[in-house]
1. If a residue has to be under 17 Å from the mean Cα position of the chain (by Cα) and open to solvent by 30 Å² or more (accessible area, probe 1.4 Å) to count, how many in the range 37-50 make the cut?
2. Quick one: is residue 30 under 17 Å from residue 16 (Cβ atoms), out of contact with any Phe, Trp or Tyr (no Cβ under 6 Å at 6 or more places or on another chain), surrounded by fewer than 17 Cβ atoms within 10 Å (Cβ to Cβ) and not β-branched (Val, Ile, Thr)?
3. Of all residues in the range 123-153, how many are assigned to a helix (DSSP H, G or I), surrounded by fewer than 20 Cβ atoms within 10 Å (Cβ to Cβ) and basic (Lys, Arg)?
Amino acid sequence: MRERQEASEDAVMTRIGQAVMLLHGGDREEARNRFGLLWAELGEAGDAFHRCALAHYMADTQDDPGDELAWDLRALTAADGLREESAGDDRPAGDGAAGDGAVDDPLAEARVGVPGTSSVVRAFYPSLHLNLAADYVKLQRPEAARLHLDRAREAADALGDEGDVNGVGAGIDRLERLLRER
């Protein structure tokens with residue numbers, strides 16, 4: 001039964017990865033459509049890791065900054081749920097990478113080579129908060145942007161040397177400069 005569940009989880013991450021390739025290839029509309037179908041299949045009770053990854057990428061397909069914010073908030077909510085699920089769970093994480101290692105994307109490799117689920121969850125937060133900060137900048141809400149930028153930096157600092165694997169630290173620095181200039 002466990003093998004069947006792992007195969008199913010791999011299939012979800014494969015589908016997410018396929019849509020991410022479309023997104024990074026410039027076909028935002030098709031990526032958005034595929035993410036939408038997968039979101040409907042997963043539902044609110046679906047696996048928190050999948051919901052987090054999917055919402056994280058779905059945000060990048062949005063044309064409206066308010067919609068992008070809504071998806072990034074869903075990703076954060078799913079990550080919080082995953083953190084709660086993993087509070088007592090230190091088993092090795094499954095293999096299920098998606099994406100192509102884009103900048104600010106810890107989800108692409110989140111389950112590969114990570115000793116425990118709690119480590120996976122910690123790796124989400126710098127990018128999730130950075131994305132939220134960028135959303136709030138677009139919506140001209142600098143106080144909210146600053147709050148999430150500070151949270152992104154704190155989360156990245158907690159990761160030590162691994163905190164900038166996908167360029168999150170550089171993204172935090174760029175956004176901080178932008179906020180200072182405004």
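1. Of the residues in that region, 4 qualify.
2. Details: under 17 Å from residue 16 (Cβ atoms): yes; out of contact with any Phe, Trp or Tyr (no Cβ under 6 Å at 6 or more places or on another chain): yes; surrounded by fewer than 17 Cβ atoms within 10 Å (Cβ to Cβ): yes; not β-branched (Val, Ile, Thr): yes.
Yes: the conditions hold for residue 30.
3. Within the range 123-153, residues that are assigned to a helix (DSSP H, G or I), surrounded by fewer than 20 Cβ atoms within 10 Å (Cβ to Cβ) and basic (Lys, Arg) number 3.
One line per residue, one yes/no per condition, for (1) open to solvent by 40 Å² or more (accessible area, probe 1.4 Å); (2) outside any loop (DSSP other than H, G, I, E, B); (3) modelled with pLDDT under 90; (4) of a type in the set (Phe, Trp, Tyr):
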residue: 5; (1), (2), (3), (4): yes, yes, yes, no
residue: 8; (1), (2), (3), (4): yes, yes, yes, no
residue: 20; (1), (2), (3), (4): no, yes, no, no
residue: 58; (1), (2), (3), (4): no, yes, no, no
residue: 72; (1), (2), (3), (4): no, yes, no, no
residue: 76; (1), (2), (3), (4): no, yes, no, no
residue: 82; (1), (2), (3), (4): no, yes, yes, no
residue: 93; (1), (2), (3), (4): no, no, yes, no
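The values are calculated or read from the model by the stated rules, or taken from the named source; none is laboratory data. All values derive from a computational prediction rather than experimental measurement. We place every Cβ from the backbone using ideal geometry, glycine too, and count neighbours over all the protein chains shown. Side chains are part of the model used for accessible areas, which takes the heavy atoms of the whole protein and leaves out ligands, DNA and RNA. Shrake-Rupley method; radii C 1.70, N 1.55, O 1.52, S 1.80 Å.
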